[in-house]
């Protein structure tokens, strides 16, 4: 790829075990030496068959990783570095459920995201537009962001009560063996993880100045709110137009 002049990047899974490696300058220099143009950093998520919390980074590790990925994001050597889920302040929270993204699995069912493995509708039965406007996805989009603190964007690890409420309210169907564990067996551990992260997230958002530079905006992905804003803008334009 490099010889052909193709732009390419890398995807890194941040875990509890490889945290120290990812914090080293040598790791990032290796990526640069390999010609990597951009990097996705995905925190390990306890989903899938027999999910475990053992590899999920601790709140302290996630906090430390933020500063390292920010250093690399702003350093100028990469086109971009995206740290899921530490960069919620750049996206006004979660992108799932059609806010900016959704996931269609191999069976045709449409999930809020690849990690929220629950679905109500299938593209074999409805159009994507119908699904985007469905009560399930609409409810998600109306709540974004799920917290006033944009460093707590995720409904799985930051606001686990949101995911449980959505699954229960809309009778969303688990899509894979073990998918349901994230709202059942692991619920208590996820609540503890979220509570532990909240302290670090509040420190980042409110003490590092992000609350002022990147405030949370409500209704951004709500179709009805956007249409009202659009109508108001059209009315203003009509008033401003000269005869």
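What are the pairs, 6+ residues apart or on separate chains, where a residue within region 1-19 that is more than 20 Å from residue 77 (Cα to Cα) has its Cβ under 9 Å from a residue that is at pLDDT below 95 and assigned to a strand (DSSP E or B)?
Pairs found: 14/84.
Would you tally the residues in region 50-87 being out of contact with any helix residue (DSSP H, G or I) (no Cβ under 9 Å at 6 or more places or on another chain), under 27 Å from residue 184 (Cα atoms) and surrounded by 13 or more Cβ atoms within 10 Å (Cβ to Cβ)?
Within region 50-87, residues that are out of contact with any helix residue (DSSP H, G or I) (no Cβ under 9 Å at 6 or more places or on another chain), under 27 Å from residue 184 (Cα atoms) and surrounded by 13 or more Cβ atoms within 10 Å (Cβ to Cβ) number 2.
Looking only at region 15-46, which residues are closer than 15 Å to residue 71 by Cβ and assigned to a strand (DSSP E or B)?
Listed by number, the residues that qualify are 39, 41.
Which numbered condition in (1) touching a strand residue (DSSP E or B) at 6+ places or on another chain (Cβ under 7 Å); (2) at pLDDT below 95 is the only one that residue 22 fails?
Exception for residue 22: condition (2).
Could you identify the single residue in 140, 206 that is more than 29 Å from residue 64 (Cα to Cα), assigned to a helix (DSSP H, G or I) and modelled with pLDDT of 95 or more?
140
I'm trying to understand the selection: among the residues of region 64-79, which are assigned to a loop (DSSP other than H, G, I, E, B) and more than 18 Å from residue 13 (Cβ to Cβ)?
Hits for region 64-79 are 74, 75, 76, 77, 79.
Could you tell me whether residue 165 is within 16 Å of the chain's Cα centre (by Cα) and assigned to a helix (DSSP H, G or I)?
The answer is no for residue 165.
Has region 100-120 got any residue that is over 14 Å from the mean Cα position of the chain (by Cα), in contact (Cβ under 8 Å) with a residue 12 or more places away in the chain, crowded, with 19+ Cβ neighbours inside 10 Å and in a helix (DSSP H, G or I)?
no
With respect to residue 61, is the statement that it is farther than 16 Å from residue 15 by Cα and modelled with pLDDT of 95 or more true?
Against the criterion (farther than 16 Å from residue 15 by Cα and modelled with pLDDT of 95 or more), residue 61 does not qualify.
The values are calculated or read from the model by the stated rules, or taken from the named source; none is laboratory data. Everything numeric in this text was worked out from a predicted model, so none of it was measured. Note: ideal-geometry Cβ built from the backbone for every residue, glycine included; neighbour counts use all protein chains shown.
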